[in-house]
Structure formats: C-alpha cells, structure tokens
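**Q** To start, I am sharing the structure in question, which I have written as structure tokens.
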Amino acid sequence: MSFGERTSRILLSTPVLRIGSIFTTLFGISIFVFLVLRVIPGDSIVGAFGIETGVLTPEQIAQLKIYYGIDKSLPMQYLSWMQSFLTGNMGYSYSTGISIASLTAKALPVTIELALIGTILGVVMGIAVGTFSARKPGSIRDFAGQLFGLMALAVPGFVLSTTIVTIMANKFHYFPNGYEFVRLWEDPWMNLQQMMFPGLVLGIAVAAPVMRTTRSALLETVDKDFVRTAIGKGVNPRKVQTRHILRNSLIPIVTMTGIQFGYLLGGAVIVENIFSLPGMGRQVLYAITRREYATVQSSVMVFAILFIAINVITDLIYRKVDPRIKK
Amino acid sequence: MVAGVAFVAPAQAASKDLAIGVTLDIDKLDPHTATSFSTVRMLGLTYGSLVEVGPKLDIRSGLAASWGFNADSTELRLKLRKGVKFHDGSAFDAEDVKASINRVLDTKTTAAARANIATITSVTGSGLSVLIKLSVPNAPILAALDGVNMSMLSSDDIAANKIGKTVNGTGPFKFVSWEPGQSVKLEKNATYWKAPVKLDTVTFRIIPTEASILAALNAGTIQFSVLTSPTVALQVGKNLNLYRTPGLGYVTLQLNARVAPLNKLDVRLAIQCAINRAEVVKTAASGEAKVVGPITSPAYASDPNDRPCPNVDLAKTKKYLADAGYADGLTIKAIVSPTQYATASGTAQNLKAQLAKAGINLELDILDNATYVSRWLAGDFAAAVANNGGRIDPDTMYTRYFPSTGNLNKVAGYSSATMDALFLKGKATGRAAERKVVYKQISQELENNAVWIWLFAPYEYRAAAKNVTGFIPLATGSLIELRVVDLK
C-alpha cells in the first residue's frame with residue numbers, strides 16, 4: 001500500500017471521521033451562537049446600564065465599548081474569545097469580575113449532579129412503570145401506567161416545582177433551598193435535601209418518555225422467536241423477563257436516556273430558578289439578559305461538548321448492551 | 001410537620017443574622033455606576049450620601065449635618081457631620097466629598113448620576129466645610145445629592161483606583177463577601193455614625209423566583225424579603241408582616257408624538273379617553289397600586305383627575321378619532337417586555353382590550369428586556385408600556401425626558417417651548433410654594449397634550465418574619481432602615 005493510499009485510509013477511517021465531525025460541529029455551534037448574540041438588539045452596555053445607557057455621553061459610550069471589547073470588528077471579537085476559550089479561562093464575566101472558567105467550575109457540577117439525579121430517578125421510574133404496563137397490554141394496569149406517562153408529559157415542570165415548593169413550605173415549613181446552596185462534598189445530607197425535589201421534578205419529566213419507550217420496546221421484543229423458545233424450554237419467567245426481554249429492549253431505552261440526559265444539562269433553567277440552584281442554566285440565562293457575550297458563548301460550548309460526550313458514551317453503552325454492534 | 005422534624009436544618013446561630021431573599025444578584029461593587037435595583041439596594045447599606053430621603057420623602061441630613069443656598073441658588077454650602085469614619089477607620093472630610101463629586105462628574109467614570117449634578121462647576125472646602133458652585137440657579141441639586149449613585153467614597157481609595165474592587169463606605173454595614181449567583185454577606189459597622197446597629201450580619205440570598213422567596217419565608221429559612229409581584233404579595237399570610245408602600249415609580253403607556261399617527265394630538269387624546277386606569281390596576285396589579293398622574297412625589301403629586309379625560313369617555317374618543325381622520329379606527333404598535341416587571345404583561349393585555357373597544361388596535365411587540373431597552377433608548381417605537389423610576393424631586397424625575405435638551409428626550413417623544421421654559425423656571429425657583437405652582441403647570445401640560453398616558457404607581461413590598469422588628473419602609477425602595485431593625 002502506497003503512502004498516499006495509507007494516508008487517505010487513515011483519514012477516512014471511522015474514528016478520524018468522527019473526531020472531524022465533532023470539531024466541525026463545535027466550530028459551527030461557536031459561529032452560530034456568536035452571530036445570534038450579535039444580531040439580537042442590545043449589547044453589553046445596554047445589558048449592564050439598562051435605561052441609564054441613555055444618559056451616557058458619546059465619550060462614555062466609546063470608553064465602555066473598549067471596556068467590553070465590542071469596539072473591535074466581529075472577526076476580531078470572535079478570535080479574541082476563541083483564544084480565551086481554548087486557553088482555558090473562557091473569557092471574563094464583567095458583572096462578577098471573575099473568569100468564566102471559575103464561574104463554570106462552580107455551576108457545572110451543580111447541573112451535572114441535578115441531571116444525574118433526575119436521570120437516575122427518571123430511568124428507574126420509567127423502566128418500572130413501562131415494564132409494569134407492558135406485562136398485560138390493554139389491561140387496567142397498562143392504562144394506569146400510560147396515564148402516569150401522559151400526566152408526567154403534560155404537567156409542566158414549573159407547575160410541579162411550584163406546587164411542591166408551596167406545599168412543603170406552607171404545610172411542613174420545609175424548604176431547604178431557602179438556605180445557601182451546599183455542595184455535595186461540603187455537607188452531603190443538606191445537599192441531598194436541596195437536590196431531592198428538583199431531581200424528582202426532572203426525574204418525572206424523564207420518566208415519561210423512558211416509560212413509553214420501555215413499554216413499546218418490551219412489547220416488540222416479547223413476540224420475538226427467541227423469547228417464545230425460552231418460554232417453551234421452561235426458562236424461569238423472571239429470567240425471561242430480565243435476561244431475554246428487557247436486555248434485548250435496552251437499545252432504544254439507552255438512546256432515550258442519553259437524549260434526555262443531554263436535554264437536562266441544558267434545559268433545567270426553570271427548575272434551577274425555582275429551587276434556587278446556582279447551576280449552568282441560571283448562569284446562561286443571566287448572561288443572556290445582560291448580553292455578556294463571552295459567558296453565553298463559553299457556556300453554550302460547554303453544553304455542546306457535554307452533549308457530544310454523552311452521545312459518545314451512549315455509543316459505548318450500545319456496544320456493551322448489544323455485542324453485535326462491535327462488529 | 002413530620003417531614004419538617006425528620007429533616008435537619010442548620011442550627012440557628014445565637015447572633016442576630018438576618019437573611020434577605022432577593023430575586024436578582026448584584027452586578028458590581030462601584031456605587032457610582034450601579035444601576036440595577038439589587039446592586040443599589042445592597043450598596044445602600046454599605047455607603048452613605050450627603051443627604052438622605054426620609055420616610056415622608058423629606059430631605060434629611062446624612063453625611064452633611066446642615067446646608068444652605070445663597071440668594072440665587074447658585075452656591076450650596078455644606079457642613080459635614082463630625083466623627084464619621086469609613087469602614088477602614090479613616091476619617092470622612094471635605095477631601096472625600098471633593099474627590100467623590102469630581103469622580104461622578106468625570107465622564108471616564110460613566111457615573112449614573114452625572115446628568116443630575118452636571119450643573120456643578122466646582123467643589124471646594126477643607127475640614128468639615130464644603131462649597132459647591134453651580135453654573136445656573138439649581139435648588140433641586142440638594143435632592144440630587146441623595147442615593148447610592150452619589151455615595152461618598154474615600155479620597156484615598158479613589159486615588160488608589162480601589163473603587164469597585166473593595167467596598168469601603170460609611171454605611172451601617174460592612175461588606176464581607178460576594179458569592180456570585182448565591183449570596184452577598186455584610187456585617188455590622190460598630191462605628192456607624194447614627195444609632196448603634198442591632199443586627200450582627202445581613203445576608204442577601206439570591207432566590208430567583210418570588211414564589212420561592214415566599215416559600216423560604218414561610219419555612220423560616222429567610223427572615224426578610226423584597227417582593228414586587230402583587231400576586232405573590234397577596235399570598236403573604238398572617239404569619240408574616242407585609243409592608244406595602246406606594247412607590248415613586250410609575251407604569252405608563254409612553255406615546256411617541258414624533259411618529260404618525262401619534263403626532264396628532266387628537267389621536268393621543270383619543271387613547272387617553274379610552275383607558276380606564278382603575279380597570280388596569282384591578283386587572284394587571286390585582287388592585288394593588290395607586291392611580292397617578294405624571295408627578296408621584298407626595299410633595300408635588302399630580303391630581304390624577306386633572307386631565308382632559310379623567311374617566312373613560314368613548315364618545316369623546318370617537319370624536320377625537322374622527323377629527324384626526326381615523327373614524328374607522330387605527331392600529332398602533334406598542335413594545336412591551338414581560339420580564340421587566342411583574343405587571344407588564346397584564347398591563348399591556350388590559351390596555352389592548354380596552355383600546356379595542358374604542359376601535360384602536362394596540363399591536364403588542366413582546367421583547368426581552370435588553371431588546372426592549374435598546375429600542376426604547378433609540379426611540380424606535382410608536383408606543384411603549386413602561387415602568388419608569390421616580391424621584392422625590394420632579395426636576396430630577398423628568399428633566400432628562402421632557403425639556404428638548406434632556407438626554408432622554410428622544411425616548412420621551414415630545415418637547416415644546418412651553419415645557420422648556422417651565423423646567424427652567426422650576427430649576428431656578430427655590431421656594432417650595434412657587435415650585436409647586438410650576439410643577440402643577442408642567443403636569444397639566446403633559447396631561448393636556450396626552451404626552452404619555454400615566455396609569456398607576458405600583459406598591460413596594462417588603463415581607464418579614466414576625467421576629468423582625470423596627471423596619472421602616474421607604475418609597476424610594478432603599479433598605480437603609482435595616483440599620484434600626486432588630487431580631488427578637
């Protein structure tokens with residue numbers, strides 16, 4: 001094989017193509033977010049000064065443009081931010097006076113912990129109810145399971161969160177999120193109390209699609225030949241249920257769980273707000289309202305990297321769940 | 001109750017620690033450039049100004065013990081309070097006043113209050129005496145010396161470029177720490193110049209939704225809160241104290257009289273006659289607001305009924321529309337930002353419903369806050385549903401809007417020679433009785449020309465646990481009276 005052929009084979013191999021597509025995706029996202037933020041009206045000065053921007057003199061505006069780095073051309077602004085991002089400090093938050101990397105280092109663990117708790121609770125509830133439902137399709141238990149799925153989908157997170165907060169505070173004088181947020185390694189018991197209800201709200205939201213996916217995957221698998229054969233051979237029904245049916249239904253469940261976990265990382269803003277959790281959702285929302293461009297851009301890039309990482313992990317889990325995929 | 005007992009909450013310390021729930025974090029530590037309510041509120045506890053606004057909206061002595069104008073109100077002489085110290089222990093004197101006012105006037109500072117004191121030409125003095133010279137007669141300058149944006153800073157800190165990096169004020173509380181997105185901690189200033197401060201610490205805890213703040217109050221995890229939503233305030237139970245104060249700010253339908261068809265007086269008057277303000281208050285603010293005219297400060301308050309249409313008069317609306325050539329009705333676009341304040345959406349929707357009855361289609365352009373502010377500042381709107389801040393002096397409240405030279409005149413969308421003359425007269429008049437006459441004329445000029453449609457003044461709410469005693473609410477929104485609060 002010639003050198004040229006070997007090079008093109010390496011370049012066209014799956015891992016290289018995969019890595020290439022990841023970097024292309026991240027670059028595309030960085031450009032998209034950068035441009036969207038510049039297209040929407042308002043800038044960092046309006047975000048910081050509000051209506052008082054109107055009383056600033058042209059000289060003051062010019063000085064503030066230099067301060068916020070928005071006096072430069074768009075390509076220069078992009079390159080300046082990208083350089084900061086790649087060197088690890090991710091830029092500078094003007095409202096807090098500290099680096100975005102420091103802010104993210106504090107906010108990201110909160111969001112990841114919340115998303116993990118939500119996903120674990122959601123998967124446990126979803127698989128349990130889905131299995132419960134699929135055992136006797138068309139029965140009352142199936143109806144009850146599907147009703148749970150429908151309600152979990154239909155009730156908005158903010159309604160559920162507010163209801164929980166109000167009932168717990170008014171009836172039981174209990175709202176641990178009213179205290180300052182405590183990290184897992186500082187006080188695990190208090191942290192669990194602060195994460196329990198928001199995790200449950202997110203878990204219920206995850207449980208609905210996982211339950212529906214589990215139910216339909218199980219119903220599809222249960223009619224397969226190998227299941228009938230196992231039952232015919234007299235294999236223990238519990239073993240058939242777990243080893244043959246559930247194991248072979250896991251691929252769509254894993255896919256759905258991966259997607260939901262990714263959404264939770266970027267979409268827990270409302271729950272973070274109601275339960276006063278200082279996570280990434282709040283960081284991005286606050287930065288958008290203040291037009292802190294670097295904070296929004298860097299945070300979105302972190303989300304994008306995480307989302308891609310979750311996809312890769314999901315692919316690896318596929319291989320574990322279904323050995324045929326390795327081939 | 002079982003759940004409440006089963007879960008262990010952090011033990012209450014013996015010291016007097018007050019936790020305050022607020023929805024927004026602070027965004028800077030420089031009092032001269034602070035503009036967000038949350039930052040102004042917090043820094044107001046750590047810094048002091050030359051004068052203060054009291055509960056009855058009267059001007060009181062602050063770091064200045066006494067003052068006096070010369071005959072034509074072009075010189076203001078101040079006697080500073082004796083024995084005042086900054087948190088770092090250094091003494092407060094005339095040098096600090098000079099450095100602070102000059103810092104506000106310096107365009108490089110981008111100070112929020114610069115426009116209010118732009119008539120100051122020089123600040124001189126030594127020891128505890130200060131002389132402020134003005135370019136024109138300007139009695140309202142005294143009111144402009146109040147507030148966080150006019151905080152007195154240490155001249156040494158200014159020289160060392162420490163402002164915004166550290167907090168070294170003369171206020172009742174010392175700054176301890178700021179955890180962005182979570183909390184700001186303050187502690188008692190044992191050498192505060194006024195009565196001894198009773199609270200040991202004050203912590204501002206960021207809880208982004210007001211419903212959750214109320215939950216935290218009910219659960220006892222915080223003891224004090226700042227609320228803006230009438231809906232949430234109405235849910236405050238008897239287990240808490242609710243302080244309800246009519247604010248100086250006001251909600252209005254701004255009309256841009258430089259844009260057709262609102263450049264026709266008849267169209268603007270038609271809108272004024274079609275709006276029942278009490279209904280807006282009932283619908284948008286659950287009845288929790290006061291119908292007002294242009295000037296909200298009690299000393300100069302406009303009579304809300306002193307206008308061409310004090311009540312809804314659809315017959316007049318139709319006549320005005322016909323006279324303007326819009327007998328078949330017309331469409332007006334209005335910008336609104338629902339995230340800006342609690343009653344924004346309700347106000348806009350109710351105005352739309354009321355105007356529809358008169359054949360006026362109010363088309364709502366719903367925007368996020370920064371987009372709204374950006375278009376508002378550019379005057380890029382026909383109408384705007386706005387919640388504007390108020391001041392205790394009508395000159396500082398409106399001089400940036402309605403005189404043709406005002407730096408927000410583009411936003412006001414209206415100016416006239418009469419208005420210019422009245423504002424100049426108001427500025428130059430020192431006697432309270434004469435000033436009242438001038439500002440009544442200004443109020444009438446604004447209402448008779450339906451420049452904007454002034455709707456209501458929302459209440460300022462503070463909710464506190466029963467063991468929080470002695471708090472005095474202020475219409476300015478300041479929390480400075482936490483200096484006299486005790487925890488029983």
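**Q** How about region B:400-417: which of its residues are free of Cβ contacts under 8 Å to residues at least 60 places away in the same chain and either buried (at least 22 other Cβ atoms within 10 Å of the Cβ) or in contact with a helix residue (DSSP H, G or I) (Cβ under 6 Å, 6 or more places away or on another chain) (or both)?
**A** Our first condition is that a residue be free of Cβ contacts under 8 Å to residues at least 60 places away in the same chain; within region B:400-417, this holds for B:401-406, B:408-410, B:415-417.
B:401, B:402, B:403, B:404, B:408, B:415 - these are the residues of region B:400-417 that are free of Cβ contacts under 8 Å to residues at least 60 places away in the same chain and either buried (at least 22 other Cβ atoms within 10 Å of the Cβ) or in contact with a helix residue (DSSP H, G or I) (Cβ under 6 Å, 6 or more places away or on another chain) (or both).
**Q** Which of the residues belonging to region A:38-97 are more than 7 Å from chain B (Cβ to nearest Cβ), in a loop (DSSP other than H, G, I, E, B) and surrounded by 13 or more Cβ atoms within 10 Å (Cβ to Cβ)?
**A** A:43, A:69, A:70, A:71, A:72, A:89, A:90, A:91, A:94, A:97 - these are the residues of region A:38-97 that are more than 7 Å from chain B (Cβ to nearest Cβ), in a loop (DSSP other than H, G, I, E, B) and surrounded by 13 or more Cβ atoms within 10 Å (Cβ to Cβ).
**Q** Residues of region B:207-233 being facing chain A (nearest Cβ under 8 Å), surrounded by fewer than 24 Cβ atoms within 10 Å (Cβ to Cβ) and not in a loop (DSSP other than H, G, I, E, B), which ones?
**A** Answer for region B:207-233, where residues must be facing chain A (nearest Cβ under 8 Å), surrounded by fewer than 24 Cβ atoms within 10 Å (Cβ to Cβ) and not in a loop (DSSP other than H, G, I, E, B): B:211, B:219.
**Q** A follow-up question, please. If the Cβ limit is 6 Å and pairs must be 6+ apart or interchain, which residue in region B:101-121 that is at the interface with chain A (Cβ under 10 Å from one of its Cβ atoms) pairs with which residue that is of a type in the set (Lys, Arg) and not in a loop (DSSP other than H, G, I, E, B)?
**A** From region B:101-121, the pairs are B:109/B:103.
**Q** Same structure again: Quick check: is even one residue across region B:417-436 within 14 Å of chain A (Cβ to nearest Cβ), within 22 Å of residue B:74 (Cα to Cα) and part of a loop (DSSP other than H, G, I, E, B)?
**A** The answer is no, given that none of the residues of region B:417-436 is within 14 Å of chain A (Cβ to nearest Cβ), within 22 Å of residue B:74 (Cα to Cα) and part of a loop (DSSP other than H, G, I, E, B).
**Q** Being touching a residue at least 40 places away in the same chain (Cβ under 8 Å) and not aliphatic (A, V, I, L, M) is true for just one of A:109, A:176. Which residue is that?
**A** Checking each option against the conditions leaves just A:109.
**Q** A follow-up question, please. Go through region A:98-108 and count every residue that is charged (D, E, K, R) and not in a helix (DSSP H, G or I).
**A** So the count comes out to 0.
**Q** Further question: The conditions are (1) touching a helix residue (DSSP H, G or I) at 6+ places or on another chain (Cβ under 8 Å); (2) within 29 Å of residue A:46 (Cα to Cα); (3) aliphatic (A, V, I, L, M), and residue B:76 fails exactly one of them. Which is it?
**A** (2)
**Q** Scanning for something farther than 19 Å from residue B:358 by Cβ, among the charged types (D, E, K, R), over 20 Å from the mean Cα position of the chain (by Cα) and at pLDDT below 95, does region B:275-289 turn up at least one residue?
**A** No: zero hits.
So that you can scan it fast, the table gives a plain yes or no per residue for (1) of a type in the set (S, T, N, Q); (2) in contact (Cβ under 8 Å) with a residue 12 or more places away in the chain; (3) outside any loop (DSSP other than H, G, I, E, B); (4) in contact with a Ser or Thr (Cβ under 8 Å, 6 or more places away or on another chain):
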residue	(1), (2), (3), (4)
B:315	no, no, yes, no
B:320	no, yes, yes, no
B:334	no, yes, yes, no
B:350	yes, yes, yes, yes
B:356	no, no, yes, no
B:370	no, no, yes, yes
B:376	no, yes, yes, no
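**Q** Any chance region B:114-134 includes a residue that's closer than 21 Å to residue B:25 by Cα and assigned to a loop (DSSP other than H, G, I, E, B)?
**A** Scanning region B:114-134 turns up no residue that is closer than 21 Å to residue B:25 by Cα and assigned to a loop (DSSP other than H, G, I, E, B).
**Q** For region A:292-302, indicate whether the set of residues that are touching a helix residue (DSSP H, G or I) at 6+ places or on another chain (Cβ under 6 Å), modelled with pLDDT under 90 and either surrounded by fewer than 24 Cβ atoms within 10 Å (Cβ to Cβ) or within 14 Å of chain B (Cβ to nearest Cβ) (or both) is non-empty.
**A** Within region A:292-302, none of the residues are touching a helix residue (DSSP H, G or I) at 6+ places or on another chain (Cβ under 6 Å), modelled with pLDDT under 90 and either surrounded by fewer than 24 Cβ atoms within 10 Å (Cβ to Cβ) or within 14 Å of chain B (Cβ to nearest Cβ) (or both).
**Q** What are the residues in region A:68-100 that are free of Cβ contacts under 8 Å to residues at least 60 places away in the same chain and within 24 Å of the chain's Cα centre (by Cα), if any?
**A** Scanning region A:68-100 gives A:82, A:86, A:88, A:89, A:99.
**Q** Hey, another quick one. Does residue A:322 satisfy the condition of being more than 14 Å from every other protein chain (Cβ to nearest Cβ) and without any contact (Cβ under 8 Å) to a residue 12 or more places away in the chain? Write out each step before concluding.
**A** Details: more than 14 Å from every other protein chain (Cβ to nearest Cβ): yes; without any contact (Cβ under 8 Å) to a residue 12 or more places away in the chain: no.
For residue A:322, the condition - more than 14 Å from every other protein chain (Cβ to nearest Cβ) and without any contact (Cβ under 8 Å) to a residue 12 or more places away in the chain - is not met.
**Q** List the number of the failed condition for residue B:76; all other conditions in (1) more than 14 Å from chain A (Cβ to nearest Cβ); (2) in contact with a Phe, Trp or Tyr (Cβ under 9 Å, 6 or more places away or on another chain); (3) in a loop (DSSP other than H, G, I, E, B) hold.
**A** With respect to (1) more than 14 Å from chain A (Cβ to nearest Cβ); (2) in contact with a Phe, Trp or Tyr (Cβ under 9 Å, 6 or more places away or on another chain); (3) in a loop (DSSP other than H, G, I, E, B), residue B:76 is out only on (3).
**Q** Moving on to the next point. If residue B:201 passes every condition in (1) buried (at least 19 other Cβ atoms within 10 Å of the Cβ); (2) in contact (Cβ under 8 Å) with a residue 40 or more places away in the chain; (3) within 13 Å of chain A (Cβ to nearest Cβ) but one, which one does it miss?
**A** Result: residue B:201 fails condition (1) only.
The values are calculated or read from the model by the stated rules, or taken from the named source; none is laboratory data. All values reported here derive from a predicted model rather than from experimental measurement. Glycine gets a Cβ as well: all are built from the backbone with ideal geometry, and neighbour counts include every protein chain shown.
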